[in-house]
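The values are calculated or read from the model by the stated rules, or taken from the named source; none is laboratory data. Just so we're clear, the structure is a prediction, and the values are computed from it rather than from any experiment. Positions of Cβ are generated from backbone atoms using ideal geometry, with glycine treated the same way; all protein chains shown enter the neighbour counts. With ligands, DNA and RNA removed, areas are computed over all heavy atoms of the protein, side chains included. Shrake-Rupley method; radii C 1.70, N 1.55, O 1.52, S 1.80 Å.
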Amino acid sequence: MVSVEEATRHVLENVYKPAEETVLLENAVNRILAEDLVADRDFPPYDRVTMDGIGIAFEAYENGHRQFPIEGVAAAGDPEQILKNPLHCLEVMTGAMCPEGCDTIIRYEDVDIRDGVAFLKIDTVGRGKNIHLQGEDRRKGSVIVRKGSKISPAEIGVAATVGKDTLKVLANPKIAVISSGDELVAVNETPAPHQIRRSNAPTLRALLESHGLEVDEHHLPDDEEIINQSLSTWVQSYDALILSGGVSMGKFDFIPKVLNNLGVESKFYKVTQRPGKPFWFGAYKDKCKVFAFPGNPVSSFMCANRYFLPWWKKSMGVRPFPKVYASLTTDYVFQPDLTYFLQVHTTFSQTGHLTADPITGHGSGDFANLTDVDAFLELPKGRNEFKKGESFPLFWFRS
């Protein structure tokens, strides 16, 4: 067996090497940017009015003028207007170019307009008020979003602003999620008393798809010949396989044996952790990486969050977020000398402190318990008592 730290090291040393591809802007959410997004002009591209109101020359106000005849209107989308008389004003709308000759915007709420004249209702006006200056956010040619960033709606907005209707992104790995076991039937079937419906594969698929990954789904019976035939094809046609079940010490757990016979190099088998101890990981000819998780649903789900998603992010060059820690809300005891991934419900206190409330359920087969929690808290091996207020690494699986 290897430790969690050793398993993590092996997984992150055997990453996928992505190619680049171009996608339409509307298909780019959750993809990893493979190019810098650069400002094609100043942000904003002109001195921009930020409040509906009137535009004046501050010098007129400074010289004692408090009423301003209105020369015209400058609307958003109009070419730049010109204030011809510095003692007058122009009505201006949010988003409009600040008119030439105007250097201060006064809100409609602060003026009284009668008979084409704007009368000030306030005693204090600041020079340059309510104007977003050209280039104040970014200058032309500056990098706004760096490659390696995960594309969210915010990055989509930036790309649209700089005129990018297509984006260069990293190609995601081709992934298959594979369940195994004769006791499993399809979701739409009625199981016999000795059977259960397949839940692991849909769960893992949904987890990966929530991160923008496309996933194929397969099922294997407990038949060594069929497992051999199927895996011999899949290790050559996919970049990553995620198997659930068939990796323990049972008489029909053929998967580790078959993988070894196919030339998939085992990097480790079994990790000093609970859940997920019988976890097998290997690589096929620097091509396909194989994550063979145990079949208990909590085990496979935890392993996918703790190992597969970090592998994918490392492969794609995603800049890592700082590790998140949460504090226990109560004392907790775990006797085995294993790293324990405790199911917890997290809460932010009024002071912004992140706390974790243990909700343990009934073991790694209790999938329903995951609906009551939102994260795994990683309790280190080498001790069995964990005190209220102590902080440990947290792995969220909900947004």
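Here are some notes:
- So Asp337, is it assigned to a loop (DSSP other than H, G, I, E, B), more than 25 Å from the chain's Cα centre (by Cα) and within 28 Å of Pro18 (Cα to Cα): no
- If you go through the range 273-290 and pick out every residue that is in contact (Cβ under 8 Å) with a residue 60 or more places away in the chain and either open to solvent by 20 Å² or more (accessible area, probe 1.4 Å) or of a type in the set (A, V, I, L, M, F, W, C) (or both), you end up with 5.
- Residues of the range 238-267 satisfying the condition of being of a type in the set (A, V, I, L, M, F, W, C), open to solvent by less than 10 Å² (accessible area, probe 1.4 Å) and touching a strand residue (DSSP E or B) at 6+ places or on another chain (Cβ under 9 Å): Ala240, Leu241, Ile242, Leu243, Val247, Ile255, Leu259, Val264
- Subset of the range 1-20 that is assigned to a loop (DSSP other than H, G, I, E, B), aliphatic (A, V, I, L, M) and more than 20 Å from the chain's Cα centre (by Cα) - its residue that is nearest to Lys168 (Cα to Cα): Ala19
- Filter result for Ala171 (touching a strand residue (DSSP E or B) at 6+ places or on another chain (Cβ under 7 Å), modelled with pLDDT under 95 and not polar (S, T, N, Q)): no
- Among the residues making up the range 342-368, a single one is among the charged types (D, E, K, R) and either modelled with pLDDT of 95 or more or open to solvent by 50 Å² or more (accessible area, probe 1.4 Å) (or both): Asp357.
- Checklist (1) surrounded by fewer than 15 Cβ atoms within 10 Å (Cβ to Cβ); (2) within 28 Å of Asn14 (Cα to Cα); (3) at pLDDT 95 or above applied to Lys323, failing item: (3)
- Enumeration of residues in the range 340-352 that are assigned to a loop (DSSP other than H, G, I, E, B) and out of contact with any Ser or Thr (no Cβ under 7 Å at 6 or more places or on another chain): Gln350, Thr351, Gly352
- Checked against the criterion of being modelled with pLDDT of 95 or more, surrounded by fewer than 18 Cβ atoms within 10 Å (Cβ to Cβ) and within 16 Å of Pro44 (Cβ to Cβ), the range 107-130 has at least one qualifying residue.
- Taken across the range 369-378, residues that are of a type in the set (Ser, Thr, Tyr), assigned to a helix (DSSP H, G or I) and open to solvent by 30 Å² or more (accessible area, probe 1.4 Å) do occur, with at least one present.
Matching residues to (1) within 21 Å of Asp123 (Cα to Cα); (2) modelled with pLDDT under 95; (3) touching a Lys or Arg at 6+ places or on another chain (Cβ under 6 Å); (4) surrounded by 14 or more Cβ atoms within 10 Å (Cβ to Cβ):
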{"position": "Ser3", "(1), (2), (3), (4)": "no, no, no, yes"}
{"position": "Thr8", "(1), (2), (3), (4)": "no, no, no, yes"}
{"position": "Ala34", "(1), (2), (3), (4)": "no, no, yes, yes"}
{"position": "Asp47", "(1), (2), (3), (4)": "no, no, no, yes"}
{"position": "Gly53", "(1), (2), (3), (4)": "yes, no, yes, yes"}
{"position": "Phe58", "(1), (2), (3), (4)": "yes, no, yes, yes"}
{"position": "Ala76", "(1), (2), (3), (4)": "no, no, no, no"}
{"position": "Lys84", "(1), (2), (3), (4)": "no, no, no, no"}
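- Test: residue in the range 211-225 that is assigned to a helix (DSSP H, G or I), in contact with a strand residue (DSSP E or B) (Cβ under 8 Å, 6 or more places away or on another chain), among the aliphatic types (A, V, I, L, M) and under 20 Å from Cys288 (Cβ atoms): no
- Qualifying residue in the range 65-72 (condition: β-branched (Val, Ile, Thr), in contact with a Ser or Thr (Cβ under 7 Å, 6 or more places away or on another chain) and either at pLDDT 95 or above or assigned to a strand (DSSP E or B) (or both)): no
- In summary, Val187 fulfils each of the numbered conditions (1) assigned to a loop (DSSP other than H, G, I, E, B); (2) touching a helix residue (DSSP H, G or I) at 6+ places or on another chain (Cβ under 9 Å); (3) touching a residue at least 40 places away in the same chain (Cβ under 8 Å) with the single exception of condition (3).
- Filter result for the condition that a residue is within 23 Å of the chain's Cα centre (by Cα) and touching a residue at least 60 places away in the same chain (Cβ under 8 Å), over Leu243, Leu204: Leu204
- Within the range 291-316, restricting attention to residues that are among the aromatic types (Phe, Trp, Tyr) and open to solvent by less than 10 Å² (accessible area, probe 1.4 Å), the residue that is nearest to Ala171 (Cα to Cα) is Trp312.
- The number of residues in the range 105-157 being over 30 Å from Pro69 (Cα atoms) and basic (Lys, Arg) comes to 6.
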